[in-house]
Amino acid sequence: MKKGQTSTSPKESIFQAAVSLFYDHGYDGTSVRDIAGKAKVNPATISYYFKGKQGLLEACFTHFFEQYLHFLQEEVDSLKYIRADLCLKRAVFKILKFQSENHQLSRFIWREVSIDSQIVREIISSYLMKERFYMKCLFEQGMVDRSFKKQPISFLVIQLKSMLTMPFLNSQHLREVWQMFPQEYYFVDQYYQNIDQWINLLMTPEGTTDYKKELII
């Protein structure tokens with residue numbers, strides 16, 4: 001190993017190999033032997049760390065959703081001190097940045113969720129319920145403090161979820177048709193600004209006025 005380089009543990013090598021292969025070939029199109037070959041380990045090592053391919057699938061979902069939900073929970077906890085619209089905007093930026101930095105994992109996760117298989121439903125049902133809960137909290141508090149106009153929260157959550165996932169679920173479409181690259185920071189910055197404008201449209205005149213005052217201060 002060259003000076004300045006850091007070694008990667010067998011467990012991390014297996015995980016990264018699995019993410020790459022799941023991204024390229026899908027879960028069903030990837031074998032344990034494929035993962036072992038890419039990670040340069042014995043197939044038995046995968047069983048040792050992850051108890052097989054399904055264990056790797058569960059590790060992918062856990063790794064993704066634990067961080068994804070952490071960003072939402074952070075901002076829900078901040079509602080005690082910060083206005084809901086600002087908390088929502090911070091959560092959006094954190095999630096977009098995280099997905100961009102982990103674009104292969106993000107695309108794989110959202111693709112598997114869209115397939116809606118039995119194994120995926122068993123793994124992620126609690127994660128998606130938490131996601132809905134945190135997003136509802138942000139919008140509900142915004143309506144309580146009169147930052148947001150009164151409107152059906154369920155549709156707001158669906159719209160927000162769609163905007164957060166679309167570029168990563170359909171990354172190939174963005175690259176080939178629009179020449180946009182979700183893994184680039186430039187894309188995250190520009191796309192965030194558009195979601196920011198959408199959030200501003202949800203705000204009441206009073207909320208917009210208060211926001212401008214905060215910016216001046």
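The values are calculated or read from the model by the stated rules, or taken from the named source; none is laboratory data. The structure displayed is predicted, hence computed values, not measured ones. All Cβ positions, glycine included, derive from the backbone under ideal geometry; neighbour counts span all protein chains shown. Side chains are part of the model used for accessible areas, which takes the heavy atoms of the whole protein and leaves out ligands, DNA and RNA. Shrake-Rupley method; radii C 1.70, N 1.55, O 1.52, S 1.80 Å.
For Met129 and Phe181 in one chain, what is 0.36 nm times their gap in residues minus the Cα-Cα distance, to one decimal in nm? Each step should come with its number before you reach the end.
On the way: separation 52, 0.36 × 52 = 18.72 nm, distance 2.97 nm.
My answer for the length gained is 15.8 nm.
Can you pull out the chymotrypsin sites (Phe, Trp or Tyr not before Pro) in the stretch 29-137 whose DSSP state is coil and whose Cβ has at most 10 other Cβ atoms within 10 Å?
Working: sites: Tyr48, Tyr49, Phe50, Phe61, Phe64, Phe65, Tyr68, Phe71, Tyr81, Phe93, Phe98, Phe108, Trp110, Tyr127, Phe133, Tyr134; in loops: Tyr81.
Within the stretch 29-137, the qualifying chymotrypsin sites (Phe, Trp or Tyr not before Pro) (loop, at most 10 other Cβ atoms within 10 Å) are Tyr81.
Checking a compactness column here: for the stretch 104-172, what do you get for Rg(Cα) / (2.2 N^0.38 Å), N being the number of residues?
Details: Rg = 14.2 Å, N = 69, 2.2 N^0.38 = 11.0 Å.
The reported ratio for this selection is 1.29.
Hey, of (i) 1.23; (ii) 1.17; (iii) 1.31, which did the structure itself give for Cα Rg over 2.2 N^0.38 Å when calculated?
(ii)
Could you work out the pair-distance distribution P(r) of the stretch 154-196 from its alpha-carbon pairs, with 10 angstrom bin width and percents rounded to whole numbers?
Bin by bin from 0 Å, the calculated values are 28, 53, 18, 1.
Using a 1.4 Å probe and counting only protein heavy atoms, arrange Thr62, Thr204 so the residue with the most accessible area comes first. Could you put the intermediate results ahead of the total?
Numbers: Thr62 55, Thr204 20 Å².
Descending order: Thr62, Thr204.
Subtracting the Cα-Cα distance from 0.36 nm times the residue separation, let me have the gained length for Ser9 to Ile158 in nm, one decimal.
The Ser9-Ile158 span can extend by a further 49.8 nm.
Determine the per residue accessible area of the chain with all protein chains present and a 1.4 angstrom probe, expressed in square angstrom. Can you show the working numbers first?
Values: 12270 Å² over 217 residues.
Heavy-atom SASA per residue in the chain reads 57 Å².
What percentages make up the Cα-Cα pair-distance distribution of the stretch 1-73 when the bins are 10 Å wide from 0?
Taking all Cα pairs of the stretch 1-73, the binned fractions are 19, 47, 25, 9, 0 percent.
As a quick test, which of the pairs Lys11/Lys89; Lys38/Lys130; Lys80/Lys161 have an alpha carbon distance above 29 angstrom in this structure? The partial results should precede the final answer.
Details: Lys11/Lys89 35 Å; Lys38/Lys130 34 Å; Lys80/Lys161 24 Å.
Among Lys11/Lys89; Lys38/Lys130; Lys80/Lys161, the Cα-Cα distance tops 29 Å for Lys11/Lys89; Lys38/Lys130.
Leaving out same-chain residues fewer than 8 places away, which aspartates and glutamates sit with a Cα under 17 Å from that of Lys53?
Counting by Cα, and skipping residues close in sequence, Lys53 has these aspartates and glutamates nearby: Glu12, Asp24, Asp28, Asp34, Glu112, Glu122.
Are there any trypsin sites (Lys or Arg not before Pro) in the stretch 103-170 that are in a DSSP loop and have at most 14 other Cβ atoms within 10 Å? List them by number. Intermediate results must be reported in sequence, preceding the final value.
Values: sites: Arg107, Arg111, Arg121, Lys130, Arg132, Lys136, Arg146, Lys149, Lys150, Lys161; in loops: Arg146, Lys149, Lys150.
Of the trypsin sites (Lys or Arg not before Pro), the ones in loops of the stretch 103-170 whose Cβ has at most 14 other Cβ atoms within 10 Å are Lys149, Lys150.
Taking the alpha-carbon set of the stretch 51-132, what are its Rg and Dmax in Å?
Values for the stretch 51-132 (Cα only, Rg and Dmax): 14.1, 45 Å.
Normalised by the residues of the chain, what does the relative contact order come to in percent, with Cα pairs under 8 Å and at least six apart? Write out the running numbers ahead of the final one.
Values: 185 pairs, mean separation 44.5, N = 217.
Rounded, it is 21 percent for the chain.
Only loop residues by DSSP count here, and only those with at most 12 other Cβ atoms within 10 Å; note down the trypsin sites (Lys or Arg not before Pro) in the stretch 1-85 that meet that.
Numbers: sites: Lys2, Lys3, Lys11, Arg33, Lys38, Lys40, Lys51, Lys53, Lys80, Arg83; in loops: Lys2, Lys3, Lys40, Lys51, Arg83.
Those that pass, being in a loop and sparsely packed, are Lys2, Lys3, Lys40, Lys51.
State the percentage of accessible surface on the chain attributable to carbon and sulfur atoms; use a 1.4 Å probe and exclude ligands, DNA and RNA. Please report the intermediate quantities before stating the final value.
Working: 6600 of 12270 Å².
Exposed carbon and sulfur together represent 54 percent of the surface.
Have a look at Ile199, Ile82, Ile35 and tell me which one the Gaussian network model of the chain (Cα, springs below 10 Å) gives the largest fluctuation.
Maximum fluctuation in the GNM of the chain, among the listed residues, is at Ile82.
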